[in-house]
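Visitor: Just passing along the structure, written as structure tokens.
Only the coordinates and a few stated rules stand behind these numbers; no lab work does. None of the values given here were measured: they were computed from a predicted structure. For neighbour counting, all protein chains shown are included, and Cβ atoms are generated from backbone atoms with ideal geometry for every residue, glycine included.
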Amino acid sequence: MALNMENNRKLKNAYLGYNTNNGIRKQSSSGGMFYELAISVLKENGIIYGAAFDTDFLVKHIRVDSQEQLKRLLCSKYVQSDMKDIYVPLKNDLQAGKTVMFSGTPCQVKAILNYIINNRLSLEKLYLVDFICHGVPSPGVWNSYLRYISNNKKISEINFRNKSNAGWHDYYFHAKYEDNSQLNESHELNSYMRSFLSDKNIRPACYECQFKDEKYYSDITLGDAWKIEKEKPKWADDKGTSLFIVRSTKGNQLLQRGSRTFIFDKTDYDRWKEYNPSIKSSTAEPPERKEFFEDFHEMKFGQFWNKYSYISKKAKIKYKLKSFLRVTGTQKIIRKFVK
Ligand SMILES: Cc1cc2nc3c(=O)[nH]c(=O)nc-3n(C[C@H](O)[C@H](O)[C@H](O)COP(=O)(O)OP(=O)(O)OC[C@H]3O[C@@H](n4cnc5c(N)ncnc54)[C@H](O)[C@@H]3O)c2cc1C
């Protein structure tokens, strides 16, 4: 029975969509599909497990049973999430007959599935949701960056994907401090985001990810529809659009349960594999990773981040040019024609 359910995840029905609630869409990394699915489960007294910041801004999986707490799960946290505290509560919830939705990376979904099967629990009331994953950054590197930016002040908020400054494509890294001061940097200039997006700070296993293409174990996979301009220009409002792939009959049921604040439409899976390569292949390990981690272990954290904050003149000019094109609206036109 359990194995059948595992092998059953063979659908690849791809959709594009966005949440018509602008507030939710703004707080979510993509189009707010995660919120849509989670809220439908909560409304039927179900439980959600997902990644949240703790009080020190480290990332861990938590259990959520109310709409109020659900806000803690919204938006991508670009750090490996610690799952150790959720296995037992999740098992207890399933044994108590509750509907549970788990959300995490494709490898975390497989870990949960293995745990359920090893404990001979029923999968009937468990929905597994993952996302297209580029790789998860090292918690050690995140910890050191937190020390670097805290600068003896207490941080009160962090957002890796702030859409408020320049929209969804040109998102900002945002940190707010208790004294109300802020750090607001484009992801292209922020040193932590650059170490993530240049693939240097992710875990070694991510370069040989075993959960790509045909090997997803979730019911639904979420992602960013970055090339929305090409498929549905009318939806390209730069507020965030979700790509999602329904992989099982259960995934389909979960989708149908959603409230109708989420608008979606079918799309071609194979084309999105080309637009969003992390669906099918692992991130390649960059040659600079070795030096990055040698420096990380050998240097003091301030010295390390000062070194990796350096931005070449060429990169600065490129960024300024991009900002100019965005502000003048020219960038939208270019995106339509350039892949
Ligand atoms: C490390 C990482 C890499 C990603 N790489 C890609 C990529 O290459 N291509 C792509 O299209 N999309 C990628 N995504 C997914 C994308 O950023 C969105 O999370 C996804 O599209 C869902 O967006 P949403 O608007 O529906 O919901 P959101 O509200 O943005 O999603 C929230 C959900 O994401 C989960 N989550 C957030 N951070 C973590 C974490 N650190 N570990 C485990 N679960 C987490 C939460 O549990 C929550 O369930 C990545 C996300 C992360 C965290």
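Visitor: State to the nearest 20 debye the size of the charge dipole of the range 153-252 about its Cα centre, where the only charges are +1 on K and R beta carbons and -1 on D and E beta carbons.
Guide: 200
Visitor: Let me ask something additional. Apply the Karplus parameterisation 6.51 cos²θ - 1.76 cosθ + 1.60, with θ equal to phi minus 60°, to every residue of the range 186-192 and state each ³J(HN,Hα) to the nearest whole Hz, in sequence, with x for glycine and proline.
Guide: Working through the residues one at a time gives 4, 4, 7, 10, 6, 5, 5 Hz.
Visitor: Read phi for every residue in the range 309-325 and hand back ³J(HN,Hα) as whole Hz from Karplus 6.51 cos²θ - 1.76 cosθ + 1.60, θ = phi - 60°, with x for Gly and Pro.
Guide: 8, 4, 10, 5, 4, 4, 5, 5, 5, 4, 5, 5, 5, 4, 4, 4, 5
Visitor: On to the next question. Hey, which of these cross-link pairs are over 27 Å Cα-Cα: 110/307; 26/230; 43/250?
Guide: Result: 110/307 exceed 27 Å.
Visitor: Sticking with the crude label model, points 7 Å out along Cα→Cβ, report the distance from residue 314 to residue 215 in nm, one decimal please.
Guide: Placing both labels 7 Å along Cα→Cβ, they lie 3.6 nm apart.
Visitor: Can you list the HN-Hα couplings for the range 112-124, worked out from phi with the Karplus curve (6.51, -1.76, 1.60; θ = phi - 60°), rounded to whole Hz and with x for Gly and Pro?
Guide: 5, 4, 4, 4, 5, 5, 4, 8, 6, 8, 7, 8, 3
Visitor: By a straight-distance test (C-alpha under 14 Å), which aspartates and glutamates pair with residue 314 as possible cross-link partners, with residues fewer than eight away in the same chain excluded?
Guide: 188
Visitor: In the Gaussian network model of the chain, springs joining C-alpha atoms below 10 Å, which of 236, 96, 175 carries the largest mean-square fluctuation?
Guide: Comparing 236, 96, 175 in a Gaussian network model of the chain, the most mobile one is 96.
Visitor: Once both labels are modelled 7 Å past Cα along the beta-carbon direction, what's the residue 54-residue 157 spacing in nm?
Guide: 2.4
Visitor: Past 28 Å, Cα to Cα: identify those pairs from 60/176; 60/154; 98/227; 10/91; 125/239; 12/232, in the order given.
Guide: Among 60/176; 60/154; 98/227; 10/91; 125/239; 12/232, the Cα-Cα distance tops 28 Å for 98/227; 125/239.
Visitor: Taking the Cα-to-Cβ direction at residue 184 and at residue 208 and moving 7 Å from each Cα, how far apart do the two end points lie in nm?
Guide: Spacing of the two 7 Å Cα→Cβ label points: 4.4 nm.
Visitor: Follow-up. List the residues whose amide H sits under 5 Å from the amide H of residue 99, counting only those 5 or more places along or on another chain, with H placed 1.01 Å from N in the peptide plane.
Guide: Here the answer is 47, since their amide H atoms fall under 5 Å of that of residue 99.
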